[in-house]
Amino acid sequence: MEKRRKKKRIKRLNFVFLFLSILLGIIIGYLLPHPLSQNKTQKSESSSVVHAKTQSPSKKTTPSSSREVAPSFPATQPAMTPQETEINNQLKPYIGSQVGTLLIVRNGQIHFERGYGYFDVSKKIENNPNAQYQILSAQKTITAQMIMNLVENGQLSLTDKVSKFYPQLKNGDQIEIKNLLNMTSGLVKPTSLPTSTDDLTIADWTASNVTSNGKVGQWNYIDQNYVLLAGIVVKLTGTSYQKLFDQDFKAKLGLTHSGFVYNKDEVINLATPYHFTYQEPYSAPIVESDAQRYSELGAGNIAMTPGDFYTLISSILQNKTLSAQGNVLLHSLGTVTSGYSGGMYKRINYYTLSGVGYGYELKAKFTNDGKNAVIFMSNSFPTANDLIQQQLVANIFKLEFGL
């Protein structure tokens, strides 16, 4: 009996001792620092430090940069369908050794599009329909539409003297807005370039540095006429030229592959420009300076794909960016000898557009309704003969549309 009691007492003592040991272990574990929890805390702090660096307010960040999400530019084009091959064989005699992208549109639908030559010869990347090219002087169509909208809104008159906006302009009291639109201002381009990136500074610098031949009313093509017009647009609207383009053309018309040449994220597929000399399309790449890019305000510093360019010009011809009356008035300003006004040359059954510079060339023809077009955009400008690509487009336009 006594032995049984002793055993029970020992069992109780063992239980108490075990309980106290467990309790003591828990207390010690609680008081001592836990290595895993330290590691987690350090990782969290390290992560927040890295995050803080990437979000530094001292650096400008571009949300959803097109450069980050754009697919890589393919080195080669897809194989042509039998129908495309047949069309291409018909066009080969006209294309010859020219470099760029050709787009043919019939009744508002793509009939044929194909790249020729290299987008980047050093990397052996071919041109294709997604290549961007500078549209150069064809940008004047945009500036002219902006001006005519101001005229329709009563903010400007075609007979307003340019001295109203640029008192420093030589003969500005004799030159009217319409003389800038149809290249009859008598102004002569300056021998240097502005160094600013600000719209109004560029426009005012231009007004101070152009000279005059005194022949107001006589055709004389210079880009600076449209730089002055772009400046007037900015002065009357209080909005930058880029912002006006983005909201009234790019967003409105869905120009998703267009942008200003000084905004690299907008022109990630801009073809490398080359000199075309002595039958060598890639004799030397051309580098355009920042001063050149910005100085072409309203006159030639936008790049597009041929598809976006078709959308732009067809929309203008179909009165989507200006009333029909406004466009009729604009194109009535062309002189008998040139037929030029508002960035286009008007002919009986079609319009022609042209742009040349910095290793790029654009030639295009559109029927009056904007539904049919031949567009050739090149990144290899034949310096010896500007008529090669012009004739190329004329021949294909005649082949396709009989005009």
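The values are calculated or read from the model by the stated rules, or taken from the named source; none is laboratory data. Keep in mind that what you see is a predicted model, and the values were worked out from it rather than measured. So basically every Cβ, Gly included, is an ideal-geometry build from the backbone, and we count neighbours across all protein chains shown.
Things to note:
- Any hit, the range 116-132, residues being buried (at least 20 other Cβ atoms within 10 Å of the Cβ) and part of a helix (DSSP H, G or I): no
- Filter result for the condition that a residue is crowded, with 20+ Cβ neighbours inside 10 Å, of a type in the set (Ser, Thr, Tyr) and over 18 Å from Ala138 (Cβ atoms), over Thr184, Thr239: Thr184
- Pairs where the first residue, in the range 116-136, is among the basic types (Lys, Arg) and the second is surrounded by fewer than 19 Cβ atoms within 10 Å (Cβ to Cβ), C-beta under 7 Å, 6+ apart: Lys124/Ala75
- Scanning the range 315-350 for residues that are of a type in the set (A, V, I, L, M) and more than 28 Å from Asp246 (Cα to Cα) yields a total of 2.
- Only residues that are buried (at least 20 other Cβ atoms within 10 Å of the Cβ) and among the acidic types (Asp, Glu) were counted across the range 359-386, and they come to 1.
- Note on the range 160-182: among residues that are in contact with a Phe, Trp or Tyr (Cβ under 9 Å, 6 or more places away or on another chain) and in a loop (DSSP other than H, G, I, E, B), the one that is nearest to Lys235 (Cα to Cα) is Gly172.
- When Phe249 is tested against (1) at pLDDT 95 or above; (2) in a loop (DSSP other than H, G, I, E, B); (3) aromatic (Phe, Trp, Tyr), exactly one condition is not met: (2).
- Odd one out for Val356, checked against (1) surrounded by 17 or more Cβ atoms within 10 Å (Cβ to Cβ); (2) at pLDDT 95 or above; (3) in contact with a Ser or Thr (Cβ under 8 Å, 6 or more places away or on another chain): (2)
- When the criteria are applied in full, Ala284 fails the requirement of being buried (at least 18 other Cβ atoms within 10 Å of the Cβ), out of contact with any Ser or Thr (no Cβ under 6 Å at 6 or more places or on another chain) and closer than 20 Å to Gly117 by Cβ.
- Residue in the range 228-244 that is under 27 Å from Phe376 (Cβ atoms) and in contact with a Lys or Arg (Cβ under 8 Å, 6 or more places away or on another chain) present: no
- The sole residue among Ser208, Ser185 that is more than 28 Å from Lys264 (Cα to Cα) and either assigned by TED's automatic domain parsing to the domain that holds Ala364 or not in a loop (DSSP other than H, G, I, E, B) (or both) is Ser208.
- Note on the range 266-309: residues that are modelled with pLDDT of 95 or more, over 19 Å from Leu229 (Cα atoms) and charged (D, E, K, R) amount to 2.
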